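Chemist: My questions will all concern the structure given below.
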Amino acid sequence: MEGKKGLSLVKRHLLIGWAFIIPATLLIVIFSFFPMFQAIILSLKKGVGTNLNWNGIANYVRILKDKQFIQAIFNTLFYLVIQVPIMLGIALALASILNNKHLRFKGLFRTMIFLPCATSLVSYSMIFRSMFANDGFINNVLVNFGFNRIGWFQNDWLARAVIVVALIWRWTGYNMVFYLAGLQNIEYSVYEAAKIDGASPFQSFRRITVPLLRPTILLTAIMSINGTLQLFDESVNLTSGGPGIATMTMSHYIYKTSFVMSPNFPYAAALSVVILVMVGTLSVIQMKVGDKRD
């Protein structure tokens, strides 16, 4: 009977599922995995243009001696260690506050906090650059309060601090949306029961919000760390990597190696592979540490 009627309903659903999956899988393989494989092959060569010869692991040996790239790694990890925890902490706190059903104008506050995320990366970098310029808004405010002007982009640590502040401003609202979505899946009666039992807001946050949002927190942490390791726009447009190379990120250095300095695409590919390994390693560690399922 099944042969006369054709495919069963289960098989039809299975075929429809594969029809949706296969095109997306092919696109991912063509535009993600194939270029990744090509970059790994390229990193084992040397030369310019089409005149490439096998070079073994010489490019990777060179990385160990490249002081500029080591400085770029330090800068990027500094942004990661300082910016990511602060940003995620603020995003989680804001989401908890704006999840209160008794709070008025919640929609307005949520929109205002999320708006920086909708700003162009280049535009917001240029805005922060003008704000922290010698004659910019921040220095004018300091002068009005009796302080001296500060050369934000002339000092290594202050320039890094500006990038950290810019990143927090740009991405806090983005992560807040994830936490809000997770919080709205938690029954509000749980918080009301905790309040009746005498739990303070902080205790409810620590005992209810954080444990139930663990998967979402893990997701945002992985995305934020991966994004920070690939940070590019702020280094290029906000500080131009300066002063010197004090704020240059790894992606910015790869760009300079490829297009600004004497082009060396095999070496740039090797640098990209290093970033890939770092991203993959940190993601695996986070998954192992953050996943508490038995």
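Chemist: Under a 5 Å amide H to amide H cut-off, with H placed in plane at 1.01 Å, what residues pair with Lys45 once short-range neighbours are removed?
Modeler: Asn55
Chemist: Looking only at Cα atoms, what is the convex hull volume of region 196-245 per residue, in Å³?
Modeler: Each residue corresponds to 115 Å³ of Cα convex hull volume.
Chemist: Moving on to the next point. Tell me which residues come under 5 Å, amide H to amide H, from Leu52 once H is placed; ignore anything under 5 positions away on its chain.
Modeler: none
Chemist: To the nearest 10 Å², what's Met176's accessible area with a 1.4 Å probe?
Modeler: The accessible area of Met176 comes to roughly 0 Å².
Chemist: Rounded to the nearest 20 debye, what is the charge dipole size of region 153-219 about its Cα centre when +1 sits on each Lys and Arg Cβ and -1 on each Asp and Glu Cβ?
Modeler: Around 140 debye, computed over region 153-219.
Chemist: Compute, for the chain, the length of the dipole vector about the Cα centre, with Cβ point charges of +1 (Lys, Arg) and -1 (Asp, Glu) only. Units Debye, rounded to 20.
Modeler: Details: 25 positive and 11 negative charges, 106 e Å.
Using only the charged Cβ atoms, the result is roughly 500 debye.
Chemist: Report, to one decimal in Å, the Kirkwood hydrodynamic radius for region 9-55 based on all distinct Cα pairs. Let's see the in-between values first.
Modeler: Numbers: mean 1/r = 0.0751 Å⁻¹.
For region 9-55, the Kirkwood estimate is 13.3 Å.
Chemist: Over the Cα atoms of region 66-113, compute the convex hull volume and normalise it per residue, giving Å³.
Modeler: With only Cα atoms used, region 66-113 gives 59 Å³ per residue.
Chemist: So which trypsin sites (Lys or Arg not before Pro) in region 86-144 end up in coil per DSSP with only 16 or fewer other C-beta atoms within 10 Å?
Modeler: Working: sites: Lys101, Arg104, Lys106, Arg110, Arg129; in loops: Lys101, Arg104.
In loop regions of region 86-144 (DSSP not H, G, I, E or B), the sparsely surrounded trypsin sites (Lys or Arg not before Pro) are Lys101, Arg104.
Chemist: Something else about it: Charges at C-beta only: +1 for Lys and Arg, -1 for Asp and Glu. How large is the resulting dipole of region 1-91 about its Cα centre, in Debye rounded to 20?
Modeler: 260
Chemist: Give me the one-decimal Kirkwood hydrodynamic radius in Å for region 218-258, with the sum taken over alpha-carbon pairs. It would help to have the intermediate numbers written out before the result.
Modeler: On the way: mean 1/r = 0.0939 Å⁻¹.
Taking every pair of different Cα atoms in region 218-258, averaging 1/r and inverting gives 10.6 Å.
Chemist: At q = 0.13, 0.15, 0.20, 0.23 Å⁻¹, what is the base-10 log of I(q)/I(0) for region 165-294 according to the Debye formula with one equal point scatterer per Cα and no solvent? Please give it to two decimals.
Modeler: Evaluating at q = 0.13, 0.15, 0.20, 0.23 Å⁻¹ gives log10 I(q)/I(0) of -0.73, -0.86, -1.17, -1.32.
Chemist: Probe radius 1.4 Å, ligands and nucleic acids left out: which of Phe132, Phe114, Phe205 has the largest accessible area, and how do the rest follow?
Modeler: Details: Phe132 20, Phe114 80, Phe205 55 Å².
Highest to lowest solvent-accessible surface, that is Phe114, Phe205, Phe132.
Chemist: Here is the link list: Lys45/Lys288; Lys101/Lys195; Lys46/Lys256; Lys195/Lys288; Lys11/Lys288; Lys67/Lys288. Which ones come out longer than 25 Å on Cα distance? Present the calculation step by step, with values, prior to reporting the outcome.
Modeler: Details: Lys45/Lys288 35 Å; Lys101/Lys195 15 Å; Lys46/Lys256 17 Å; Lys195/Lys288 34 Å; Lys11/Lys288 36 Å; Lys67/Lys288 32 Å.
Distance filter (> 25 Å) returns Lys45/Lys288; Lys195/Lys288; Lys11/Lys288; Lys67/Lys288.
Chemist: Would you kindly find the accessible area of Leu121, with a 1.4 Å probe and non-protein molecules such as ligands, DNA and RNA excluded, rounding to the nearest 10 Å²?
Modeler: About 50 Å², rounded to the nearest 10.
Chemist: Show me the three semi-axes of the equivalent ellipsoid for the chain, from the C-alpha gyration tensor (sqrt of 5 times each eigenvalue), largest first, rounded to whole Å.
Modeler: In descending order the semi-axes read 38, 36, 17 Å.
Chemist: What FRET efficiency, computed as 1/(1 + (r/R0)^6) with R0 = 35 Å and r the Cβ-Cβ distance, is obtained for Val10 and Ala194, rounded to the nearest 0.05?
Modeler: That pair, Val10 with Ala194, gives E of 0.20.
Chemist: Need one value: the accessible area of Glu192 in square angstrom, 1.4 angstrom probe, rounded to the nearest 10.
Modeler: Result for Glu192: roughly 80 Å² accessible.
Chemist: Please provide three numbers in whole Å: the alpha-carbon extents of region 227-294 along the principal axes, with the largest listed first.
Modeler: On the principal axes, region 227-294 reaches 52, 28, 15 Å in Cα extent.
Chemist: Can you list the residues of region 224-243 with backbone N under 16 Å from a point 7 Å past the Cα of Ser283, pointing along Cα to Cβ?
Modeler: Label zone hits: 224-231.
Chemist: Name the residues of region 81-109 whose amide N is less than 15 Å from a point 7 angstrom out from the Cα of Leu219 along the C-beta direction?
Modeler: Those under the cut-off are 92.
Chemist: Counting only helical runs of four or more DSSP H residues, what would the 222 nm mean residue ellipticity of the chain come to if each run contributes -39,500 (n - 2.57) and the total is spread over all its residues?
Modeler: -20500 deg cm²/dmol
The values are calculated or read from the model by the stated rules, or taken from the named source; none is laboratory data. The structure presented is a predicted model; accordingly, all values stated were derived computationally and were not measured. Please note: Cβ atoms are built from the backbone with ideal geometry, for glycine as well, and neighbour counts cover all protein chains shown. Accessible surface areas use protein heavy atoms only, side chains included; no ligands, DNA or RNA. Shrake-Rupley method; radii C 1.70, N 1.55, O 1.52, S 1.80 Å.
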